[in-house]
Every structure is written in structure tokens, then in C-alpha cells.
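Each value in this text was obtained by applying a stated rule to the coordinates, not by laboratory testing. Predicted model only: the values in this text are computed from it and were never measured. Here Cβ is always computed from backbone atoms with ideal geometry, including for glycine, and neighbour counts include all displayed protein chains.
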Amino acid sequence: MACTKIAVIGCGFFAPNHLHAWNELSGAKLIAVCDIDENKVAAAAAHYSVPGAFTDAAEMLAVAKPDLVDIVTTMDSHRMLVELCAANGIPVIVQKPFGPTPSDCAAMVQACRDADVMLMVHENFRHQHPMRQVKAVLDAGTIGQAVWGRVSFRTGYDVKAGQPYLFNEERFIVLDLGIHLLDLARFFFGEVKSLYSRHARIDSRVKGEDMATMMLGHASGATSIVDCTYESRQLPDLFPQTLVTIEGTKGAMDLKSDFRLSISTGGTCRTEDVSSPLRAWTSQPWHVTQDSVYHTQTRALAAFAGGYEPETSGSDNLKSYALIEAAYRSAKSGECVRL
Ligand SMILES: NC(=O)c1ccc[n+]([C@@H]2O[C@H](COP(=O)([O-])OP(=O)(O)OC[C@H]3O[C@@H](n4cnc5c(N)ncnc54)[C@H](O)[C@@H]3O)[C@@H](O)[C@H]2O)c1
């Protein structure tokens, strides 16, 4: 079978994970990279042995003619780049946050629908190996029907050092990190009917909130708590781990530190190691995140080749994005938001 020709736009902080993963995937061939910064694109092309290097995305599409484009720029450029790909009839994967506003996100979905091309959001947390294990236990019915849960990411790790643009985000942790956790809450407990959120800014140097606590009412009847902070003083610092607790009608499950998954059922408790194996290019403590990029891209490629809608499609991500909007509305008004 012919390899899918891949082009990546954006060669900044997070792009190495995408570039490594595309180079490892047997059904893909990285044919071009693009960045408006000519030094970054030259370095990426050399390091990842990519034949095409461009500073203009339109020129890259015209010259390299990729089958699939992977956008790894920050959200302000997403709409312009997705619409450019759609106008050229090229399917696209775009990093989170999908866009700066709901109308930008809806416009990208519409543009790709009109052009009849695949649009996937790189929502990688639900593609993390430990999260797939938690979902498999849930789906197997081992703990019965989920009735309560918590999805939690608390760290003091300096995320702004590698991503200085985060200092200026008026909507900070909920849009940057909460989007992943809210998507996980949908993944585990289903669609959301109500959301209440409280936010705080701990680091006075940032513009937006850097701590958030949300309570979600799910259509299934389950209640979940989604909480996140970049200003925890707790040691050991578990960055970049997400902890998950799920209580069910027949048992319970706890994804604890260092990827230990405890499953309590029938009066006994067993604990499994659900960490990701290391790849040639992944390393602790990043490995689970890095590995999830590989799995996200694997599933994108399968959806593209199979002609079906990916799990984290643009239209699916609109539902996670709606929770972001609800969180900001709730934090501002102090009221619970109905969805
Ligand atoms: N899913 C995750 O786990 C995860 C982790 C970190 C970052 N991210 C997301 O990845 C995205 C990129 O983040 P980053 O930290 O790598 O940002 P970055 O600023 O380090 O890199 C973005 C790159 O895109 C380039 N760029 C911007 N506009 C462009 C355009 N029109 N054409 C070509 N190149 C352009 C910039 O020059 C820059 O090199 C963000 O949306 C971020 O939220 C996701």
C-alpha cells in the first residue's frame, strides 16, 4: 500500500513529538515541513530528514502536494491554515485548542465539511495508553455503571518556560489544559448537561486563570469533578500525569501516581502498571504524552485511509469546546450553566 504523504505546519516546542511519530509510522512518509521562522524549519527538515522545507503554507501545499496536513501551530493561526487546506481539498489534523472562539471552530468544521475532507483535532489525552486502559475496564462492565468520577491534573511545573505565549492568554488553563480533561470526562462519563466552575489566578505574571475546579452533571446521571492547576506546591510533583478516580455501581477504579491502576471489585483490589512502553524517541517523565502523539497520529492515519470520521473529529471537538465556554461563563457569573 502506498504511504500517505504528510506535511507538518509549525516546527516549535511541541512539533518534535509529531515529527518523530510520523517518521516512526510505517504507513506515513513525511515529505514537507513549514514554519514562518526559516531557522526553525531548516533545523526540523535537517533533524528529521524531511525533503521539503517551506516558510509559506500555501506554497508548500502547491509544491509538495501532501495527502494529509498536520498543523502544530498555536490556535490563532488554526482557522486560516485549516481553511487553506480545505480550499485545496486536503484533509487536516489540527492541534488543540481547536481555535480561539466557538465561531472559529464551527467555521473550520464547516469548511472541511463543504470540501468533503477529514478534520481531526489532535486531542491526545484520550489517546494516552493509561486512559485507554481505564476506558477498557469501564467498557467491560467490571465496575458497573459509572456514577462518580474525578479527572485531575495538578502540578507546579513551569509550563511557561517552554511555552512563553501562555503568559499572555486571557483564557489560560481551562483552554490550554482543561480542554484535555473535559474531553476525558466526556470520554469516560458521556455528554454533559450541566457545569459549574470556579477559577483563580495564583501567578500574578499570567493574564488568565491558572487554577480551575469544575463540577459536571452528565446525561447518564454521573457526576464528575475536573480540576487542574499549574501552581500546586505538592511534592512529589507528578507532572505530566493525569489522575482519574471512577466509582461504579459494582466497583471502583483509581489511576494513581506513576500509572498504577487499582481496580476494586467483589471485595478485592488489584493494581496494574498501565504506563506506556518507551519508544526510541520517548523518555521519562514525558513518555506517556509522547506515546499518545504516536497513537493519535496512528488513529488519524487509519481514519484517513479507511475514509471514516476520526474519534476526535472537528465536530466531536465542538462538544468539548462547548464545555470550555460553559466553564468561563460559569466562573464569570458564579452560576451553574445548563448545556
Ligand atoms: N496536545 C498536547 O499535549 C500539547 C502540548 C503542548 C502544546 N500543544 C499545542 O500545540 C500547539 C503548538 O504549541 P507549541 O508550544 O509548539 O507552540 P510554538 O509557538 O513553540 O510553535 C508554533 C510554531 O508555529 C509557527 N507558526 C505560526 N504561524 C504559522 C504559520 N501561519 N505558518 C507556519 N508556521 C507558523 C511558529 O513560528 C512556531 O514555530 C499549541 O496549540 C499548543 O496548545 C499541545
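Kindly express, to the nearest 10 degrees and within the range 0 to 90, the angle between helix 287-306's C-alpha long axis and the longest C-alpha principal axis of the chain. Here the helix axis deviates by roughly 60 degrees. Residue ranges 38-50, 284-296 sort as 284-296, 38-50 when ordered by packing (mean number of other C-beta atoms within 10 Å per residue, highest first). The helix-based estimate of mean residue ellipticity at 222 nm for the chain, built from -39,500 (n - 2.57) per DSSP H run of four or more residues and divided by its residue count, is -11000 deg cm²/dmol to the nearest 500.
When Lys and Arg each count +1 and Asp and Glu each count -1, what net charge do the other residues less than 15 Å away from VAL206, Cβ to Cβ, add up to? Surrounding charge for VAL206 is -3.
Label zone of ALA140 (point 7 Å out along Cα→Cβ, amide N under 19 Å): in the range 234-263 this covers 244-256, 259-263.
Between the alpha-carbon centres of the range 1-74 and the range 260-281 there is a gap of 35 Å.
In terms of surrounding Cβ atoms within a 10 Å radius of their Cβ, SER257, SER262, SER275 rank from fewest to most as SER257, SER262, SER275.
Listed values for the range 324-339 are Karplus-derived 3J(HN,Hα) couplings in whole Hz (6.51 cos²θ - 1.76 cosθ + 1.60, θ = phi - 60°), namely 4, 4, 4, 5, 5, 5, 5, 4, 6, 8, x, 10, 6, 9, 8, 10, and x replaces Gly and Pro. Taking each residue as 0.36 nm, the span from THR55 to MET80 lengthens on full extension beyond its C-alpha to C-alpha distance by 7.5 nm. Annotated for the chain: lysine pairs at least 8 residues apart or interchain, Cα distance under 14 Å, count 6. Put in line by how crowded their Cβ is, counting other Cβ atoms within 10 Å and starting with the fewest, LEU243, LEU195 read LEU243, LEU195.
Roughly what % of DSSP beta bridges within the chain run antiparallel, to the nearest 5?
About 60 percent, rounded to the nearest 5.
Between SER262 and ASN168, the modelled labels are 4.5 nm apart [label points 7 Å from Cα along Cα→Cβ].
Between ASP273 and GLU38, the simple spin-label model (points 7 angstrom out along Cα→Cβ) gives 4.9 nm.
Based on the alpha-carbon gyration tensor of the range 284-339 and its eigenvalue square roots a ≥ b ≥ c, which shape applies: rounded if a/c is under 1.5, prolate if not and a/b is larger than b/c, or oblate? It comes out oblate by the Cα gyration axes.
Look at ASP183, ASP37, ASP254 and count the other Cβ atoms within 10 Å of each Cβ; fewest to most, that gives ASP37, ASP254, ASP183. Find out how many positive minus negative residues lie around ASP237, taking Lys and Arg as positive, Asp and Glu as negative, among other residues whose Cβ is under 11 Å from that of ASP237. Value of the local net charge: +1. Computed about the Cα centre, the dipole magnitude for the chain is approximately 780 debye when only Lys and Arg (+1) and Asp and Glu (-1) carry charge, each at its Cβ.
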